[in-house]
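To start, the structure under review is shown below, and the notes come after it.
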């Protein structure tokens, strides 16, 4: 059974989503299915089929969340330190071509959100950063070609 690394914040979000699905979404969909059944012939009842599809999605997501939560390896980023990039690190990068800076925290796959600056540990950029120190350069292949970044700062928050 493979452990799934994640931050405490990511773990809390999965727990909250699971709680919402079990306590809010499930009861709502059960009610919707019951109402759709009252409309008669189920073979041609679009509301019923849509509600059953939604129920199937919810149950699948509940199983997926329960699995991930059971395999979670919660890493407290505040307890981490060091001079090299590792899981949980917040890394400031400078694009070597444009000098534009960007900052990313390396997080678990399920909590990544590039718009919020959370980069999945499985992303090519994150994989190339692991083990590197301030001042080192990394080169990453992107769909638009190769990009080079210099590590400007590493911190653990």
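The values are calculated or read from the model by the stated rules, or taken from the named source; none is laboratory data. No experiment lies behind these values; they were computed from the predicted model shown. Quick reminder, even Gly has a Cβ in these numbers, built from the backbone with ideal geometry, and neighbours come from all protein chains shown.
From the list 59, 100, which one is farther than 30 Å from residue 150 by Cα and free of Cβ contacts under 8 Å to residues at least 60 places away in the same chain?
Unique residue meeting the criteria: 59.
Mind checking whether some residue in region 27-42 is touching a residue at least 40 places away in the same chain (Cβ under 8 Å) and in contact with a helix residue (DSSP H, G or I) (Cβ under 9 Å, 6 or more places away or on another chain)? Break it down into steps so the answer makes sense when it comes.
First, the residues of region 27-42 that are touching a residue at least 40 places away in the same chain (Cβ under 8 Å): none.
The answer is no; no qualifying residue exists.
Inspect all residues belonging to region 143-154 and state whether any of them is in contact with a helix residue (DSSP H, G or I) (Cβ under 8 Å, 6 or more places away or on another chain), touching a residue at least 60 places away in the same chain (Cβ under 8 Å) and over 24 Å from residue 11 (Cα atoms).
Filtering region 143-154 for residues in contact with a helix residue (DSSP H, G or I) (Cβ under 8 Å, 6 or more places away or on another chain) gives 149, 151.
Then drop every residue that is not touching a residue at least 60 places away in the same chain (Cβ under 8 Å), which leaves 151.
The next check asks that each one be over 24 Å from residue 11 (Cα atoms); those that pass are 151.
Yes, region 143-154 has at least one match.
Take residue 10 and tell me if it is buried (at least 16 other Cβ atoms within 10 Å of the Cβ) and assigned to a helix (DSSP H, G or I).
Working: buried (at least 16 other Cβ atoms within 10 Å of the Cβ): yes; assigned to a helix (DSSP H, G or I): yes.
So residue 10 fits the description; yes.
How about region 112-128: which of its residues are in a helix (DSSP H, G or I) and out of contact with any strand residue (DSSP E or B) (no Cβ under 6 Å at 6 or more places or on another chain)?
Step one: of region 112-128, the residues in a helix (DSSP H, G or I) are 114-116, 124-128.
Scanning region 112-128 gives 114, 115, 116, 127.
Residues are listed down the side, and each one gets a yes or a no for (1) in contact with a helix residue (DSSP H, G or I) (Cβ under 9 Å, 6 or more places away or on another chain); (2) loosely packed, with under 12 Cβ neighbours inside 10 Å; (3) outside the structural domain of residue 119 (by TED's automatic domain parsing):
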| residue | (1), (2), (3) |
| --- | --- |
| 48 | yes, no, yes |
| 51 | yes, no, yes |
| 91 | yes, no, no |
| 96 | no, no, no |
| 102 | no, no, no |
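Could you look through region 122-145, keep only residues that are over 25 Å from residue 3 (Cα atoms) and at pLDDT 90 or above, and pick out the one that is nearest to the chain's Cα centre (by Cα)?
Step one: list which residues in region 122-145 are over 25 Å from residue 3 (Cα atoms), which gives 133-145.
Then drop every residue that is not at pLDDT 90 or above, which leaves 133-140.
Values: 133: 25, 134: 26, 135: 28, 136: 27, 137: 26, 138: 23, 139: 24, 140: 21 Å.
Per the criteria, the residue is 140.
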